[in-house]
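Take a look at the structure set out below.
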Amino acid sequence: LIECKNKLEEAGHTVYYAPGNLTEMNMDVQRVARMVKKTQSDAWVVFAGTSDVLQWFIRQQTPAFALYGRRRKLKIAGVGPDTMPATDAAVSRLVDLGHHRVVMLDSLYNISKPGVAGTAFLDALKAHGITTGSYNMPGWEGDTKDLYACLHSTFQLSPPTAIITSSSPVYFATLHFLLNRGIRVPQDLSVVCIDDDPYFDHCEPSVSHIRWNRRSVVNRIVRWVRNISRGKEDTRQTTIKAKFVEGGTVGPAGGI
């Protein structure tokens, strides 16, 4: 995001962050609408928006771009990784290491609305003969407090042996939860992040994660801004290849 902001400013555009973010507003469309109407902008880049939020932006006259989020099948410009093959590789590796109680943590997805990424995760488990349900993809609505409530519930009866987190903030929050319960990674539990964060380079053990070319994300946003600033309609979505990078947070299934 910083690199994207710098490149857009180099091209002569004024770039700033909105006064509120989607997580703080719990993806509430009405709250988003009120914020947008109070903010003067020629274009919006919407970060990890739900389908409802993105559809609201589509109905507005101001151009909008979907950075990640539930953009597929919507007529909106966007960019994001194809994490499905990488997710499949991560699940296969976990199963090979003896993990059968695997949970994906994502506020955008749950068992009733798994989305493309969630469906890939569930299909990968089923391919290995693992019965899936709400336990594997509990989902939650809201902020970190709701995430911790979700984790407490998940660990109450049958603790998972592996967790796949949807983003680096969720990864670090989950790590703190595990630390407070005295759960060691990867001796007791394995963790994979479906995200690539620069701070992972400073972590020990190294973080198992899914990686893609961030430069491609920046270039696509810059091209979109250039196109709409010239009056050219641009609703194309770009998909970037991603791969699973195994690190030190994955190990044989342990016992909690």
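The values are calculated or read from the model by the stated rules, or taken from the named source; none is laboratory data. Computed from a predicted model, the values in this text were never measured in an experiment. Cβ sites come from the backbone with ideal geometry, for glycine too, and all protein chains shown count toward neighbours. Keep in mind that these areas ignore ligands, DNA and RNA; they rest on the heavy atoms of the full protein, side chains included. Shrake-Rupley method; radii C 1.70, N 1.55, O 1.52, S 1.80 Å.
State whether one or more residues within segment 180-192 are assigned to a helix (DSSP H, G or I), open to solvent by less than 30 Å² (accessible area, probe 1.4 Å) and in contact (Cβ under 8 Å) with a residue 60 or more places away in the chain. No, every residue in segment 180-192 fails to be assigned to a helix (DSSP H, G or I), open to solvent by less than 30 Å² (accessible area, probe 1.4 Å) and in contact (Cβ under 8 Å) with a residue 60 or more places away in the chain. Taking the criterion of being closer than 27 Å to VAL29 by Cα, among the β-branched types (Val, Ile, Thr), touching a helix residue (DSSP H, G or I) at 6+ places or on another chain (Cβ under 8 Å) and not in a strand (DSSP E or B), would at least one residue in segment 140-150 satisfy it? So far as segment 140-150 goes, yes, one or more of its residues are closer than 27 Å to VAL29 by Cα, among the β-branched types (Val, Ile, Thr), touching a helix residue (DSSP H, G or I) at 6+ places or on another chain (Cβ under 8 Å) and not in a strand (DSSP E or B).
Given the options ASP123, ASP96, ASP106, name the one that is under 21 Å from LYS241 (Cα atoms) and surrounded by fewer than 18 Cβ atoms within 10 Å (Cβ to Cβ). Unique residue meeting the criteria: ASP123.
With respect to the conditions (1) open to solvent by 50 Å² or more (accessible area, probe 1.4 Å); (2) farther than 23 Å from ARG236 by Cβ, MET84 falls short on a single one, namely (2).
Scanning segment 225-236 turns up one or more residues that are open to solvent by 60 Å² or more (accessible area, probe 1.4 Å), out of contact with any Leu (no Cβ under 6 Å at 6 or more places or on another chain), charged (D, E, K, R) and not in a loop (DSSP other than H, G, I, E, B).
Rundown of residues vs (1) of a type in the set (D, E, K, R); (2) within 25 Å of ARG184 (Cα to Cα); (3) touching a strand residue (DSSP E or B) at 6+ places or on another chain (Cβ under 9 Å); (4) in contact (Cβ under 8 Å) with a residue 40 or more places away in the chain, yes/no style:
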residue: ALA48; (1), (2), (3), (4): no, no, yes, yes
residue: SER51; (1), (2), (3), (4): no, no, no, no
residue: ILE58; (1), (2), (3), (4): no, no, yes, no
residue: ALA90; (1), (2), (3), (4): no, yes, yes, yes
residue: VAL103; (1), (2), (3), (4): no, yes, yes, yes
residue: PHE121; (1), (2), (3), (4): no, yes, yes, yes
residue: THR132; (1), (2), (3), (4): no, no, no, no
residue: GLY139; (1), (2), (3), (4): no, yes, yes, no
residue: PRO159; (1), (2), (3), (4): no, yes, no, yes
